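For reference, the structure discussed in these notes is given below.
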Amino acid sequence: MSCARCLSSRVGHGIALLALSLLALSCAGRDKGPTEAWRTGFDDAAGWELSSDAVADVAVGEGHLRVHVLSAGQVAWATSESRWDNVHLSVEATQISGPHDNEYGVLVRMQDDQHFYAFSISGDGYVRAARYDAGDWTVLGSDWTPHDAILLGEATNRLELVAEGAHFDFRVNDQSVLQVEDTAYATGRLGLYAGSFTEGDVVVVFDTLEASPLP
């Protein structure tokens, strides 16, 4: 395990420095979100908010969502235009290039770019769940933990998350790797993200996202 990962919950991977794709939205007065399943193969960017800047490039093309983190210690993401509360989400995530000491995964119940849950794996086989709250990480369960469900390096991993009330079940390649409880956020946008630690040039693509509302 790298020192960068050991410090990840404290330094926040540069999220405070990189605001991509989010509008600050209050939960007050919102409905419960979509009532029908949403499936996209990323033939276009419909339903997503994308942005790029000097440290990262986020784009849809050639049938996938591509996140390229150019600089060290940064995170970049795309967010859904729709808001969800109880949801079953699955997506295929593939590291294309860059150091295996990285992170990528799904974000849920995103209030804005300072408040959300992150369910993450790394190219070198670690998994973590955490809540981000205005610059502070709260690890849910154990911090970065190795798991043999994760395919290492330039490989495709199927990420799946069931968020139901305060309960979250994070699965990788059909294996449950984390189950945690938290009540801070009840609804919000979905996100797909990648991040770098001590080295930049991390490229991850996402494909075949499915999101279904739960009762």
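Since every read-out is calculated from the coordinates, none of them should be taken as a lab result. This structure is a prediction, so every number in the text was calculated from the model and none was measured. With ideal geometry, Cβ positions are generated from the backbone for all residues, glycine too; neighbour counts draw on all protein chains shown.
When peptides 87-99, 107-119 are ranked by their average number of other Cβ atoms within 10 Å per residue, the highest-first order is 107-119, 87-99.
Normalised by the number of residues in segment 58-180, the mean separation of alpha-carbon contacts (under 8 Å, six or more apart) gives a relative contact order of 22 percent. Measuring between their Cα centroids, segment 46-81 and segment 115-171 lie 19 Å from each other. Placing +1 on each Lys and Arg Cβ and -1 on each Asp and Glu Cβ, with no other charges, gives segment 38-154 a dipole about its Cα centre of roughly 260 debye.
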